[in-house]
């Protein structure tokens, strides 16, 4: 028998719970496992898209909003949505 801890949110802050989903620079969509979404409800998801070595775009999506995403079937059911476009302003990286 293997001990598996109870699933918990990635972050908790002032009574709110968050799961963080990372999205690589080459991906245009984000996926959230349907079972985890329904059995481990969080206040919101933080979608972190890595845009360069030192820059990450972060978007917050409320838990209820994910229910409206497209439900797809892969290895297991998952919700999928397009990531918002990158910000239109330049981000200057400082050394």
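Every number in this text was worked out from the coordinates using simple rules, so none of it is lab data. From a predicted model like this one, the values you see are computed outputs, not experimental measurements. Cβ coordinates were reconstructed from backbone atoms using ideal geometry, including for glycine residues, and neighbour counts include every protein chain displayed.
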Review point. Distance in nm between label sites at residue 60 and residue 17, each 7 Å beyond Cα in the beta-carbon direction?
Key: 1.7
Review point. Extension gain residue 83-residue 26, at 0.36 nm per residue separation less the Cα-Cα distance, in nm?
Key: 19.4 nm
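Indicate the gyration tensor shape class of the stretch 11-81 (rounded, prolate or oblate), computed on the Cα atoms with a ≥ b ≥ c the square roots of the eigenvalues: a/c under 1.5 is rounded; otherwise a/b larger than b/c is prolate and the rest oblate. Intermediate results must be reported in sequence, preceding the final value.
On the way: a/c = 2.19, a/b = 1.12, b/c = 1.95.
Taking the square roots of the gyration eigenvalues as a ≥ b ≥ c, the stretch 11-81 is oblate.
What is the extension gain from residue 50 to residue 71, computed as 0.36 nm multiplied by their sequence separation minus the C-alpha to C-alpha distance, in nm to one decimal? Before the final figure, lay out each step's value.
Numbers: separation 21, 0.36 × 21 = 7.56 nm, distance 2.44 nm.
Extending this stretch completely gives an extra 5.1 nm.
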